[in-house]
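What follows is a set of notes on a single structure, which appears directly below.
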Amino acid sequence: MVLDVDIPSKISLIELAENIIHVRGVRAVNITVEETDVEVLGLVVIVEGDDIDYDELRRSIEHLGAAIRGVDQVIAGDYIVEYPVRSLRR
């Protein structure tokens with residue numbers, strides 16, 4: 001699952017990762033800063049696992065004052081369905 005998240009810049013990314021990794025079903029998390037502002041960081045949060053409890057995941061993120069702006073990607077099933085790379089041909 002790939003999430004677009006905004007978080008106050010005073011919050012530690014380590015603290016966010018620790019909150020997320022304790023959510024039922026989460027096996028791994030990758031947090032990358034995409035945008036920086038004086039008060040807010042724009043993050044891409046990639047969460048992997050089986051049967052992830054999305055409501056618990058959302059609460060663990062919002063508990064720190066962060067907000068999920070969008071769910072950018074979800075992969076489910078017995079195998080990974082790759083997103084096709086599109087060319088920019090005219």
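The values are calculated or read from the model by the stated rules, or taken from the named source; none is laboratory data. Source: prediction; values computed, not measured. Here Cβ is always computed from backbone atoms with ideal geometry, including for glycine, and neighbour counts include all displayed protein chains.
Tally time: how many residues in the stretch 55-90 are of a type outside the set (V, I, T), more than 19 Å from P8 (Cα to Cα) and touching a residue at least 12 places away in the same chain (Cβ under 8 Å)? Show your work before the answer.
Taking the stretch 55-90 as the starting set, the residues that turn out to be of a type outside the set (V, I, T) are 55-60, 62-67, 69-70, 72-73, 76-79, 82-84, 86-90.
Imposing the further condition that a residue be more than 19 Å from P8 (Cα to Cα) reduces the set to 55-56, 72-73, 76-79, 82-84, 86-90.
Cutting the leftovers down to touching a residue at least 12 places away in the same chain (Cβ under 8 Å) gives us 56, 72-73.
Looking only at that region, the number is 3.
Restricted to the stretch 33-90, and to residues there that are among the small types (G, A, S) and in a loop (DSSP other than H, G, I, E, B), the residue that is modelled with the lowest pLDDT is S87. Checked against the criterion of being in contact with a Ser or Thr (Cβ under 7 Å, 6 or more places away or on another chain) and surrounded by 11 or more Cβ atoms within 10 Å (Cβ to Cβ), the stretch 44-64 has at least one qualifying residue. Take the residues of the stretch 1-26 that are within 15 Å of V74 (Cα to Cα) and free of Cβ contacts under 8 Å to residues at least 40 places away in the same chain: which is nearest to the chain's Cα centre (by Cα)? Once the filter is applied, the top-ranked residue is V26.
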